[in-house]
Amino acid sequence: MVVRRGSNMSAYDAFAKPMDGIRTRSTAGGIITLIASATAVILFISQLFLYSQVEHRHSLHLTESKTSSILTPDRSVTSKEINKVMNKIPVEVHVTFPYMKCADMDFSHDNASKSSGNFQKIHGRDTFLMRPPTADEFGKATGWDTSNKINANRQNGCTLKGKIWISKVGGTLEIMMT
């Protein structure tokens, strides 16, 4: 049996108080229920809004150096080559940006960027090559089949490919738009 007291607000009372087989609804309970429901709806909509906003941040972070038994030198390798290989790890990059021209791209390693010329001084001139993507690279990046239509569109893209040797400490390798 439900006993109703007060105004129409008591009809919305989800927090009714049981009393010996009788549930009583109050106006204060109805107001609390409406406020809680409105808050839940606002929070739900704000979460949907935040979920729909996409921020793409692509990065590679190298952390925690570990000794590696992969690079065991044999007798035909010089000590200079051993020191270079043993103190650094190789990082190979092959990335295709299907809708970004190479002129609009830059890359850096620990704040030594291509645009400033410091990257080439540290890692060598031809370490990373930027070129228009092949039809296969463009097709993999976009999910399209390799047709004649792609050949015209792929000139607007850029493929970054290369290998650098970096120290076995944490660092940042960034590929960015300029």
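Below, the figures for the structure above:
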| item | result |
| --- | --- |
| Karplus-derived 3J(HN,Hα), 6.51/-1.76/1.60, for each residue of segment 37-46, Hz, glycine and proline x | 5, 5, 4, 4, 5, 4, 5, 5, 5, 5 |
| Point-to-point label distance, Asn111-Glu92, nm (Cα→Cβ direction, 7 Å offset) | 3.2 |
| Segment 117-146 versus segment 97-116: alpha-carbon centroid distance in Å | 10 |
| Two-site FRET efficiency, Ala14 against Ala38, from Cβ-Cβ distance with R₀ of 22 Å, rounded to 0.05 | 0.95 |
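Taken together, the values in this text are just the output of simple stated rules run on the coordinates, not laboratory data. Quantities reported herein were computed from a predicted structural model and do not represent experimental measurements. Because the Cβ atoms are built from the backbone with ideal geometry, glycine has one as well, and the counts that use them run over all protein chains shown.
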